[in-house]
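First up is the structure itself, then whatever we jot down about it.
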Amino acid sequence: MKIAILSRAPRSYSTQRLRAAAIERGHVAKVLNTLRFAIDLSGDEPDLQFRGKRLSQYDAILPRIGSSITYYGTAVVRQFEQMDVYTPNTANGIGNARDKLRANQILSRHGIAMPPTAFVRNRADVIPAIERVGGAPVVVKLLEGTQGIGVILAPEIKVAEAIIETLQSARQNVLIQHFVKEARGRDVRALVVGDRVVAAMRRTAKGEEFRSNVHRGGTVEAVQLDDEYQRTAVRAAQIMGLKVAGVDLLEGADGPLVMEVNSSPGLEGIETATKLDVAGAIIDYIANQVAFPQIDVRERLAVSTGYGVAELVVHGDADLVGKTLTESGLRERDITVLTVHRGTGVIPNPGGHHVLAAEDRLLCWGRLEEMRSMIPERPKRRPRVKKLPKQPLPDTP
Ligand SMILES: Nc1ncnc2c1ncn2[C@@H]1O[C@H](COP(=O)(O)OP(=O)(O)O)[C@@H](O)[C@H]1O
Ligand SMILES: [Mg+2]
């Protein structure tokens, strides 16, 4: 394949490793400066110029978009998507991950455990929010910080309030987050590629510091994650729309708490700590996926009026229980079942012989009128996310 690594730092460890890994595998790899693209919207087809010339054909891109150029960088990535060039991380995914609030909203919607977090604007709401997340000491975070900058531990409510007021008066939006004491200045970075964790490390903060970022003097060591931690990391990356991601987890008393999902994870720390070829795993994954550029399914399926996507639940007392999909009569009603979710498992593309059980959730595409009567009633208030069971995290020898 011919791959473009979008990066402003051609000499950085990560960029060099990715380029070398691609070349080693017989691919053509170019490092292109994200800010030297011009997005051309004048023609019939979406197009891109690079350094003033029309860009040649690429099969894939690997965006490494720094936080200082998120807006322009995601616009370039989106343009590649529109040109049907494969990218493991979509513009939407990168945008989701960049904003800590947006990331938290998306993850909590899907039942991923996170430290309790609040977002407020009015002065009067600050103290109640701090109390809701568990009181002082409390963590205050800038929405778009990186490398630990903009993450503050406030020892008491009054101090937290003053910090928040100061930041807000400087037009900064902040998150208020429960301080996960039991993490004791340590966190876990899981490097997710596709649907697996390819490498993981634990970071430990220096001295009295609670932030474990390497840029704050934190040290790293390889770690073998148990199933629960791996599953949580992969789910978090997938929900965000990222196929290559660094997922940061705190070791909470009741299991993993997702703190952050990074869309351009650095490779130096994790490759050094684990001695694993993470760059190679990323390139191999992309080479496997190149034939399948991202498409916005909802958008593409919303073609004809009266048709759409809906999730239907098989009610215990309904006449669907025990029937096969063929017998269910859904097909005759112009409803196609794309997936069946049962408990935590998924059956993709179920066949006509598939037998339905009570509480199965069917992701369907079909006539909205036919599906309307089958859509479950909205719960008044979503139930609280269940905490994951406690499980210690084993060290690697
Ligand atoms: N709620 C929290 N409880 C305990 N430690 C935290 C919490 N939030 C952040 N930290 C520590 O601070 C570090 C930086 O926070 P993070 O949200 O990842 O910001 P950044 O994007 O700047 O890395 C984390 O790696 C972790 O060690
Ligand atoms: Mg972080």
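Please treat every number below as a calculation from the coordinates, not as lab data. What you are looking at is a predicted structure, and each value in this text was computed from that prediction instead of being measured. All Cβ positions, even for glycine, are placed from backbone atoms using ideal geometry, and neighbour counts span all protein chains on display.
Quickly work out the Arg216-to-Arg300 label distance, labels modelled 7 Å from Cα along the C-beta direction, and quote it in nm with one decimal.
4.2 nm
Using a Gaussian network model of the chain whose springs link C-alpha atoms within less than 10 Å, name the residue from Val188, Val314, Val220 with the highest mean-square fluctuation.
Residue with maximal mean-square fluctuation among Val188, Val314, Val220: Val314.
Can you give the calculated 222 nm mean residue ellipticity of the chain, where each DSSP H run of n ≥ 4 adds -39,500 (n - 2.57) and the sum is split over every residue, rounded to the nearest 500 deg cm²/dmol?
That comes out to -8000 deg cm²/dmol.
What number results when the radius of gyration of the stretch 116-179, computed over Cα atoms, is divided by 2.2 N^0.38 Å?
0.96
Quick one: net charge around Lys53, please, counting Lys, Arg +1 and Asp, Glu -1 for every other residue with C-beta under 12 Å from its C-beta.
That sum, taken over residues with Cβ under 12 Å, equals +1.
Roughly how big is the chain's charge dipole about its Cα centre, with Cβ charges of +1 (Lys, Arg) and -1 (Asp, Glu), in debye to the nearest 20?
Value, rounded to 20: 960 debye.
If you add up the charges near Ile239, with Lys and Arg at +1 and Asp and Glu at -1, over every other residue whose beta carbon is less than 13 angstrom from its beta carbon, what do you get?
Here the charged neighbours net out to +4.
Only Cα pairs within less than 10 Å get springs; with that Gaussian network setup on the chain, which residue of Ala281, Ala357, Ala162 has the largest fluctuation?
Ala357
Which of Asp284, Asp227, Asp44 moves the most in a Gaussian network model of the chain with Cα springs under 10 Å?
With Cα springs under 10 Å in the chain, the top fluctuation among Asp284, Asp227, Asp44 is at Asp44.
For the stretch 277-347, compute Rg over Rh where Rg is the Cα radius of gyration and Rh is the Kirkwood radius from the inverse mean 1/r over Cα pairs. Can you show the working numbers first?
On the way: Rg = 18.1 Å, Rh = 16.0 Å.
We get a ratio of 1.13 for the stretch 277-347.
Let me know the volume per residue of the alpha-carbon convex hull for the stretch 1-74, in Å³.
It is 89 Å³ per residue.
Apply the Kirkwood formula to the chain: the hydrodynamic radius equals the inverse of the mean of 1/r over all pairs of different alpha-carbon atoms; give it in Å with one decimal. Could you put the intermediate results ahead of the total?
Working: mean 1/r = 0.0428 Å⁻¹.
About 23.4 Å for the chain.
Report the per residue volume, in Å³, of the convex hull enclosing the C-alpha atoms of the stretch 185-289. It would help to have the intermediate numbers written out before the result.
Details: hull volume 9.4 nm³, N = 105.
In the stretch 185-289, the Cα hull volume divided by residue count equals 90 Å³.
Between Ala357, Val337, Leu312, whose Cα lies farthest towards the positive end of the dipole of the stretch 297-372 when Lys and Arg beta carbons carry +1 and Asp and Glu beta carbons carry -1, centred on the Cα centre?
With unit charges placed on the Cβ atoms, the residue in question is Val337.
What whole number of Å gives the distance from the Cα centroid of the stretch 143-170 to the Cα centroid of the stretch 300-359?
Answer, in whole Å: 48.
How charged is the neighbourhood of Gln172? Take every other residue with its Cβ under 14 Å from the Cβ of Gln172, and add Lys/Arg as +1 and Asp/Glu as -1.
+1
Considering only C-alpha atoms, what is the centroid distance from the stretch 117-140 to the stretch 36-102, in Å?
The stretch 117-140 and the stretch 36-102 have Cα centres spaced 37 Å from each other.
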